[in-house]
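S.K.: Below you'll find the structure I mean.
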Number of protein chains: 2
Amino acid sequence: MGVMNSKIRISDVAALAGVSTATVSRTLANPDKVGKAMREKVQEAVRVTGYQINAAARDLRQRRARSILILAPNLSNTFFSSIFAAVQEEASAADLTVQISDSNIGREKIATLGQDGRADGIILLDGGLDPEIVNGWRLPVVQLCEWNDAYDAPSVCIDNTAAVELAVDHLVQLGHRDLLHIEGPKDNILAITRRDGFLSATNASGVKASIMAGDFTIQSGAKVAHLWAALDQRPTGVICASDECALGFISEVMRLGFDVPEQVSVVGFDDIEFADRFNPSLTTIHQPRGEIGRQGAQCLIAMLTNKDVAVVPPKEVHAHLVTRVSTSRAL
Amino acid sequence: MGVMNSKIRISDVAALAGVSTATVSRTLANPDKVGKAMREKVQEAVRVTGYQINAAARDLRQRRARSILILAPNLSNTFFSSIFAAVQEEASAADLTVQISDSNIGREKIATLGQDGRADGIILLDGGLDPEIVNGWRLPVVQLCEWNDAYDAPSVCIDNTAAVELAVDHLVQLGHRDLLHIEGPKDNILAITRRDGFLSATNASGVKASIMAGDFTIQSGAKVAHLWAALDQRPTGVICASDECALGFISEVMRLGFDVPEQVSVVGFDDIEFADRFNPSLTTIHQPRGEIGRQGAQCLIAMLTNKDVAVVPPKEVHAHLVTRVSTSRAL
DNA sequence: ATTCCTCAAGTAATCGATTACATCATCCGC
DNA sequence: GCGGATGATGTAATCGATTACTTGAGGAAT
């Protein structure tokens, strides 16, 4: 197990093993650069002392942090959890630690995060930051899910336009001729892309289309439920910009006495874990969050390792429609 | 805005301002220890150069990391998200960065995490780690939600026994006389405490009680639904060890053609965000996750600041029952 | 036997900040 | 006008690793 004395330095290990600190350092980093006898003496000394490298000292000398930072617009959004998990898994395999931060902690702090040398690279889940800040970081950045063309960084996303088209086609094939889209925040690139996709797909299909404002949250879905209920001509198919919004809409609409999917078919977006277990279970666009996280992390790690992979193309991962109970044939 | 030249060191700033590095350092850390004229010269130089402190160098010299680490048994568990958010918020306010890691990355790595000086303290959400490792970290640790008496660390939790008692009393008052508990993982302290609480509360009330195995997940709830349905004498009240489990149970039981709460009342545990929006909405024990995170972070920060707050007592936060639609009077 | 090369190991510079200590000017009271 | 306190600033040691460079031993080739 090793005695755990307070502060063991590399020089203590070296002294115990009767070698120089250089040899200890080499033994730890490149065991094959050291003779067998020495190596074993050092390894024994490390075991006995319970020596642990001091990360700050190593980071300072090597000018790297062995750490990546995840920036997300809202840590409590459950949509992100499995992305975090996937990123962490990849990072851990590459011996990198993971930091997380909410991206709404203020310009000053955000700018600092990318410049104080605590992170080697950044996974960015927020397309709404000032490009000047993002490009001011002198670090490799990879965007996930959201993207912003003004950022000088590759992205891993699904094709949101095509995805929303799948949803529209699905409803149209079920016979729906009047569709409603509950959109996301007005300034969010995902929300905009999905809305535009909705408009062009409905236009192409020649069905009636309308839009109501939302912000991805459960609450916004519930609020729109009342607006929908108050309409004279209620759209029979609703496509939401997020699953949470869809669940909010459905639950509220049912509380108002309507039946889903009898009276209104609802499609979500993301396929969060509960979509499948909701009642009625939710037809939605499946976004492979684990894969997005994994690919993003791998991409970032590649950029860290291989400095010259500077120009990484945007990567597109596949999304598909999952048909469940919340949508049915129009009456 | 400041020109962002590659690597500005403190000596560059000092040179530009015509002062020593000591003065620059003091200006940044203790502006009031420096004369007004100097201070302004230095601040101007900092602005012009866009200087950012090198964290590794400072950490090395000060022997601290300005960072805390959150360890959770499963990052993709949505239960943790709002705890992360709360911890991050407190940490950010105290100028600390936040690292996260899954606690299942292997003994070796976990032990290292607490010893390489990258974190000043640890927020632990997993009571299942080897006490030798936890106590081997030479860092302040605070346990959240789960706790392990073998750890030499304070904890912030709800009173799980009392909480489960609330659930039992609720069902008993509604006239239920045969209760089932779907427990959590056999070796989990929360699961054990809740199960024992269930047994003693049902015993005290003199109602029939039985237990089925689960593991907190949606899937386990769904699986138990089949076992329940196959019984001759079906318990009319079910208390689950987690909300996810409860939602899994309810959705599956409904798919099997039963009605909730008509034929079976179900109580969850945690009050995750979707509990309120599920259909039927879920009666559950509300666990104030944001507050747990906040209190835990504050406690840890206090331990970091005030070295002699070594003996912090376990803190208990209040949990209560939220009555919704998934429970009703027994027939 | 001499030269040259290879390889293991040690010496000491280095990363970039903080801060103990030294220095010097100023100002106080007596 | 002088000893001493006070406070601003500079000098240089320090944190604990990595690594460029140096040294010296051993082996191969001639």
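S.K.: Given the structure, is B:Lys7 in a helix (DSSP H, G or I) and either more than 16 Å from DNA strand C (Cβ to nearest atom) or of a type in the set (D, E, K, R) (or both)? Please lay out each step first, then the result.
M.R.: Working: in a helix (DSSP H, G or I): no; either more than 16 Å from DNA strand C (Cβ to nearest atom) or of a type in the set (D, E, K, R) (or both): yes.
Judged against the criteria, B:Lys7 is not a match.
S.K.: Taking the stated definitions as given, is B:Glu44 open to solvent by 40 Å² or more (accessible area, probe 1.4 Å), outside any loop (DSSP other than H, G, I, E, B), more than 9 Å from DNA strand C (Cβ to nearest atom) and facing chain A (nearest Cβ under 9 Å)? Before the answer, list the steps.
M.R.: Numbers: open to solvent by 40 Å² or more (accessible area, probe 1.4 Å): yes; outside any loop (DSSP other than H, G, I, E, B): yes; more than 9 Å from DNA strand C (Cβ to nearest atom): yes; facing chain A (nearest Cβ under 9 Å): no.
Judged against the criteria, B:Glu44 is not a match.
S.K.: Restricting attention to segment B:94-113, and to residues there that are open to solvent by 20 Å² or more (accessible area, probe 1.4 Å), part of a loop (DSSP other than H, G, I, E, B) and without any contact (Cβ under 8 Å) to a residue 60 or more places away in the chain, which single residue is nearest to the other protein chains (Cβ to nearest Cβ)?
M.R.: Among those residues, the one meeting the criterion is B:Ile105.
S.K.: While we're on this one: Do we have A:Thr202 as under 22 Å from A:Val322 (Cβ atoms) and surrounded by fewer than 23 Cβ atoms within 10 Å (Cβ to Cβ) here?
M.R.: Values: under 22 Å from A:Val322 (Cβ atoms): yes; surrounded by fewer than 23 Cβ atoms within 10 Å (Cβ to Cβ): no.
It is false that A:Thr202 is under 22 Å from A:Val322 (Cβ atoms) and surrounded by fewer than 23 Cβ atoms within 10 Å (Cβ to Cβ).
S.K.: Only one of A:Ala91, A:Ala85, A:Ala119 is more than 7 Å from chain B (Cβ to nearest Cβ), assigned to a helix (DSSP H, G or I) and at negative phi; which?
M.R.: On the way: A:Ala85 fails: more than 7 Å from chain B (Cβ to nearest Cβ); A:Ala119 fails: assigned to a helix (DSSP H, G or I).
On inspection, the qualifying residue turns out to be A:Ala91.
S.K.: Charged (D, E, K, R), assigned to a helix (DSSP H, G or I), within 14 Å of chain B (Cβ to nearest Cβ) and open to solvent by 40 Å² or more (accessible area, probe 1.4 Å): is that true of A:Arg39 in this structure? Working first, answer last.
M.R.: Working: charged (D, E, K, R): yes; assigned to a helix (DSSP H, G or I): yes; within 14 Å of chain B (Cβ to nearest Cβ): no; open to solvent by 40 Å² or more (accessible area, probe 1.4 Å): yes.
Criteria not met by A:Arg39.
S.K.: Filter segment B:26-36 down to the residues that are near DNA strand D (Cβ under 8 Å from one of its atoms), part of a helix (DSSP H, G or I) and either within 14 Å of another protein chain (Cβ to nearest Cβ) or not basic (Lys, Arg) (or both) and list them by number.
M.R.: B:Asp32, the sole residue that qualifies.
S.K.: In the list B:Ser242, B:Ser326, B:Ser281, which residue meets the criterion of being within 30 Å of B:Asp152 (Cα to Cα) and within 14 Å of chain A (Cβ to nearest Cβ)? Steps first, please.
M.R.: On the way: B:Ser326 fails: within 30 Å of B:Asp152 (Cα to Cα); B:Ser281 fails: within 30 Å of B:Asp152 (Cα to Cα).
Residue meeting the stated conditions: B:Ser242.
S.K.: Of all residues in segment A:52-71, how many are more than 16 Å from DNA strand C (Cβ to nearest atom), among the small types (Gly, Ala, Ser) and out of contact with any Ser or Thr (no Cβ under 6 Å at 6 or more places or on another chain)? Can you show your working first?
M.R.: Initially, segment A:52-71 is screened for residues more than 16 Å from DNA strand C (Cβ to nearest atom), giving A:52, A:67-71.
Remaining after also requiring among the small types (Gly, Ala, Ser): A:67.
Checking the rest, the ones that are also out of contact with any Ser or Thr (no Cβ under 6 Å at 6 or more places or on another chain) come to none.
Final tally of qualifying residues: 0.
S.K.: Now for a different question. Given the residues B:Asn74, B:Asn54, which is the only one that is within 12 Å of chain A (Cβ to nearest Cβ), of a type in the set (S, T, N, Q) and within 16 Å of DNA strand D (Cβ to nearest atom)?
M.R.: Numbers: B:Asn74 fails: within 16 Å of DNA strand D (Cβ to nearest atom).
The conditions single out B:Asn54.
S.K.: Would you please list the contacts, defined by Cβ atoms under 6 Å and residues six or more apart or on different chains, that run from a residue in segment B:218-239 that is within 14 Å of chain A (Cβ to nearest Cβ) to a residue that is in a helix (DSSP H, G or I) and of a type in the set (D, E, K, R)?
M.R.: Filtered contacts from segment B:218-239: B:Ile218/B:Glu244; B:Ala222/B:Glu252; B:Ala225/B:Glu252.
S.K.: Moving on. Take A:Leu166 and decide whether it is touching a residue at least 60 places away in the same chain (Cβ under 8 Å) and open to solvent by less than 10 Å² (accessible area, probe 1.4 Å).
M.R.: no
S.K.: Can you tell me which residues in segment A:26-36 are open to solvent by 60 Å² or more (accessible area, probe 1.4 Å) and within 10 Å of DNA strand C (Cβ to nearest atom)?
M.R.: The answer is A:Arg26, A:Asn30, A:Asp32, A:Lys33, A:Lys36.
S.K.: Taking the condition of being open to solvent by 80 Å² or more (accessible area, probe 1.4 Å) and either touching a residue at least 24 places away in the same chain (Cβ under 8 Å) or part of a loop (DSSP other than H, G, I, E, B) (or both), how many residues in segment B:299-314 meet it?
M.R.: Quick first cut of segment B:299-314, residues open to solvent by 80 Å² or more (accessible area, probe 1.4 Å) only: B:305, B:307-308, B:311, B:313-314.
Among the residues that remain, those that are also either touching a residue at least 24 places away in the same chain (Cβ under 8 Å) or part of a loop (DSSP other than H, G, I, E, B) (or both) are: B:307-308, B:311, B:313-314.
Residues that pass the stated criteria total 5.
S.K.: Which members of segment B:128-163 meet the condition of being open to solvent by 40 Å² or more (accessible area, probe 1.4 Å) and of a type in the set (Asp, Glu)?
M.R.: Hits for segment B:128-163 are B:Asp130, B:Glu132, B:Asp149, B:Asp152, B:Asp159.
S.K.: Continuing with this model, one more query. Which of the residues spanning segment B:122-155 are within 14 Å of another protein chain (Cβ to nearest Cβ) and either under 16 Å from the mean Cα position of the chain (by Cα) or over 21 Å from B:Gln298 (Cβ atoms) (or both)?
M.R.: If we filter segment B:122-155 for residues that are within 14 Å of another protein chain (Cβ to nearest Cβ), which is where we start, we get B:122-123, B:125, B:130-139, B:152.
Of everything in segment B:122-155, those that are within 14 Å of another protein chain (Cβ to nearest Cβ) and either under 16 Å from the mean Cα position of the chain (by Cα) or over 21 Å from B:Gln298 (Cβ atoms) (or both) turn out to be B:Ile122, B:Ile123, B:Leu125, B:Asp130, B:Pro131, B:Glu132, B:Ile133, B:Asn135, B:Gly136, B:Arg138.
S.K.: If I filter segment B:47-91 down to residues being among the polar types (S, T, N, Q), at pLDDT 95 or above and under 21 Å from B:Leu300 (Cβ atoms), which single residue comes out as most open to solvent (accessible area, probe 1.4 Å)?
M.R.: Result: B:Gln62.
The values are calculated or read from the model by the stated rules, or taken from the named source; none is laboratory data. Small disclaimer: the values here were computed from a predicted structure and weren't measured. Cβ: placed from backbone, ideal geometry, glycine included. Neighbour counts: every protein chain shown. Please note that ligands, DNA and RNA were not included when accessible areas were found on the heavy atoms of the full protein model with its side chains. Shrake-Rupley method; radii C 1.70, N 1.55, O 1.52, S 1.80 Å.
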